[in-house]
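Novice: Okay, handing you the structure first.
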Amino acid sequence: QVQLAESGGGSVQAGASLTLSCVASGGTFDDYAVAWFRQAPGQEREFVGAISWNDPTAYYADNEKGRFTISRDNAKDTVHLQMNSLKPEDTAVYYCAATRRYSISRYDFHYDQWGQGTQVTVSS
């Protein structure tokens with residue numbers, strides 16, 4: 001199984017952009033679909049977007065499409081989440097997760113491997 005590590009979080013003002021990275025080690029990363037989830041204090045874990053393992057395609061939560069973009073670079077064992085036009089409601093801990101059981105999924109229980117998360121804070 002792969003191990004995942006997120007990076008790139010930080011504190012920004014509303015309207016700024018951030019790119020998060022998820023780096024995998026210990027496995028064949030191109031066999032895994034990868035998703036991003038986020039969780040704010042007192043809130044449920046929320047799906048952000050996912051990218052497939054086969055012929056890489058991505059989809060997003062409806063309220064994120066147009067602002068967030070997921071890409072993967074299997075040669076570097078890395079998946080990125082580019083976030084533009086950030087809003088205070090985007091404040092959360094962001095997690096990447098991977099599965100080889102599904103080609104792509106929006107459900108957290110379909111994912112087997114999780115990173116430790118990276119904090120994103122957006123101030124108004």
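Novice: Could you grab me the full set of residues in the stretch 33-75 that are in contact (Cβ under 8 Å) with a residue 24 or more places away in the chain, within 21 Å of residue 5 (Cα to Cα) and open to solvent by 70 Å² or more (accessible area, probe 1.4 Å)?
Specialist: Scanning the stretch 33-75 gives 45, 53.
Novice: Give me the pairs, please: first residue somewhere in the stretch 95-124 and free of Cβ contacts under 8 Å to residues at least 24 places away in the same chain, second residue anywhere and buried (at least 18 other Cβ atoms within 10 Å of the Cβ) and not in a loop (DSSP other than H, G, I, E, B), beta-carbon distance under 9 Å, and either six or more positions apart or on two chains.
Specialist: The qualifying pairs are 101/33; 110/33; 110/35; 110/97; 110/99.
Novice: Pick from 32, 94, 102: which is hydroxyl-bearing (Ser, Thr, Tyr), at negative phi and out of contact with any Ser or Thr (no Cβ under 8 Å at 6 or more places or on another chain)?
Specialist: One residue alone meets the criteria, 102.
Novice: I need a count of the residues in the stretch 80-124 that are open to solvent by 40 Å² or more (accessible area, probe 1.4 Å) and in contact with a His (Cβ under 6 Å, 6 or more places away or on another chain).
Specialist: Qualifying residue count, the stretch 80-124: 1.
The values are calculated or read from the model by the stated rules, or taken from the named source; none is laboratory data. The structure presented is a predicted model; accordingly, all values stated were derived computationally and were not measured. As a convention, Cβ positions derive from the backbone with ideal geometry for all residues, glycine included, and neighbour counts pool all protein chains shown. Please note that ligands, DNA and RNA were not included when accessible areas were found on the heavy atoms of the full protein model with its side chains. Shrake-Rupley method; radii C 1.70, N 1.55, O 1.52, S 1.80 Å.
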